[in-house]
Every structure is written in structure tokens, then in C-alpha cells.
Amino acid sequence: MDLETIKTILREKKPKPLEINRYFAVLLPLIEREGELHILFEVRSKTIPTQPGEISFPGGGVEVDEDFRQAALRETYEEIGVPSEKIELLGELDYIIRDSNFSVYPYVGLLHTGLDSLAINRDEVEEVFTVPVSYFMENSPDIYKVSYSPNLNIEFPFDKIPNGRNYKWRPFSQPVLFYEYREYIIWGLTARITRSLTEELKEWEYGCGSSR
């Protein structure tokens, strides 16, 4: 391998998250109700194998030959029946990388339809509900820290690392967010994505206020 080849490889490479092998995309849907912007949430079916009964946004795994944007739109159509031509994509939020080797790419889209026009896929979605954007602007989430330590199996080669079994592993810690709205508990990744949007909005408001 010569230097020029290495230069060519690196010049043409598009960086991506290291060792991430599963990619997901979601849509944070905005919808107008009674003259106010709301965020639409799903309650996942209680019979679905992953995270039954939890609150989420439309979304799922990115399929072969589609990008993150296309995946978010496709999943929204499959779950609540809103076709892409009735979704005005407004932008993309910061993406999330999880320690379990997957990443989530959130988009924000305005639904040009009413709740009565949704075609909810009952195999995946129990119900939908909306929360005014103003609620999240005025109410901060409760935040709890969750810490993890490595759970190493007996075959791990401790003899190959400094201090062996006494190696000081760095604990992994992450915040877990909770919003409570009426009878609904919005938490986890859904809450983090919701806060990501509201923080962007608050930062913009603060910047505009500071410039006056």
C-alpha cells in the first residue's frame, strides 16, 4: 500500500459513526390544531414485540437503498397513513448515537392533514395524541441519571490489559428524560428528541431577544 493510494482512499471517504451497524430515522410530526402548533405522538401497540405500549414518533430502520429522510417519510406513511406529499419537511435535528451500536436520525415535518384523516396502522400503533409545542417550551423534563458498568464474561482476556481484573473501567452514564402530560408519560429517546427541538426554539428566541 503506497502513500498516494492512502491519500486517495481518505480523500474520497465520507466519515460515519464508528462501528455503528444499525440506522434508524424518525419524524417529529407537527400538526396545527385550533390555531396552535402541536407535536403528534404515537402510543405503540401493546402487541408489538419491541417497546410495546411506549410513546414514540413514527420511525424505524433504514432499508437498503434509502436514505434517512426517505426512511422517516416511509415509516410515517406505514404507521399513520400520511403520504410524503402531505408532509412538509422543515429540517433535521441532531442525531443520536447509542452504546448498543445504533444511531437515530430525527427529522421535523409539518403534516398538511387533520387528525381525522390519519390512517392508523393498528398492528403498530395503539393511538395517537398531540401536545402543544408551547407546553414543552414552558415545562422542562425531569432528568434522572442512569449509569452502566461493563458486564464482562469469563472469557475476557484480562491478562492482556493493564491491571487485569482490577482495571478501572470508565462507567457509562446518560440522562433519562421524562415529560408528563395528562395521562401520558413521554420518556427516553422520544423525550430527548422533543427536548432537542424545544431547545433549538428557545435558543432562537433568546438570540432574537438579545438582539433587540
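Summary table below
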read-out: Sole exception among (1) out of contact with any helix residue (DSSP H, G or I) (no Cβ under 7 Å at 6 or more places or on another chain); (2) within 22 Å of Phe102 (Cβ to Cβ) for Ile55, by number; value: (1)
read-out: Positions within the range 72-114 being of a type outside the set (Phe, Trp, Tyr), over 26 Å from Leu18 (Cβ atoms) and out of contact with any strand residue (DSSP E or B) (no Cβ under 7 Å at 6 or more places or on another chain), in sequence order; value: Arg74, Glu78, Gly81, Pro83, Ser84, Glu85, Thr113, Gly114
read-out: Residue among Val104, Val108 that is part of a strand (DSSP E or B) and either of a type in the set (S, T, N, Q) or modelled with pLDDT of 95 or more (or both); value: Val108
read-out: Test result for Arg69, of a type in the set (Lys, Arg), buried (at least 17 other Cβ atoms within 10 Å of the Cβ) and under 16 Å from the mean Cα position of the chain (by Cα); value: yes
read-out: Hits in the range 17-32 (condition: closer than 30 Å to Leu111 by Cβ and out of contact with any Ser or Thr (no Cβ under 8 Å at 6 or more places or on another chain)); value: Ala25, Leu30, Glu32
read-out: Strands (runs of 3 or more DSSP E) wholly inside the range 119-191 containing at least 1 residues that are on the phi < 0 side of the Ramachandran plot, under 20 Å from the mean Cα position of the chain (by Cα) and touching a residue at least 40 places away in the same chain (Cβ under 8 Å); value: 125-132, 172-181, 184-187
read-out: Members of the range 76-94 that are touching a residue at least 24 places away in the same chain (Cβ under 8 Å) and part of a loop (DSSP other than H, G, I, E, B); value: Gly81, Val82, Leu93, Asp94
read-out: Scope the range 16-50; condition over 20 Å from Glu92 (Cα atoms), out of contact with any Phe, Trp or Tyr (no Cβ under 9 Å at 6 or more places or on another chain) and assigned to a strand (DSSP E or B); matching residues; value: Arg33, Glu36, Arg44
read-out: Conditions (1) within 21 Å of Thr198 (Cβ to Cβ); (2) touching a Ser or Thr at 6+ places or on another chain (Cβ under 8 Å): number failed by Arg44; value: (1)
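The values are calculated or read from the model by the stated rules, or taken from the named source; none is laboratory data. Given the structure is predicted, the values throughout are model-derived calculations rather than measurements. All Cβ positions, even for glycine, are placed from backbone atoms using ideal geometry, and neighbour counts span all protein chains on display.
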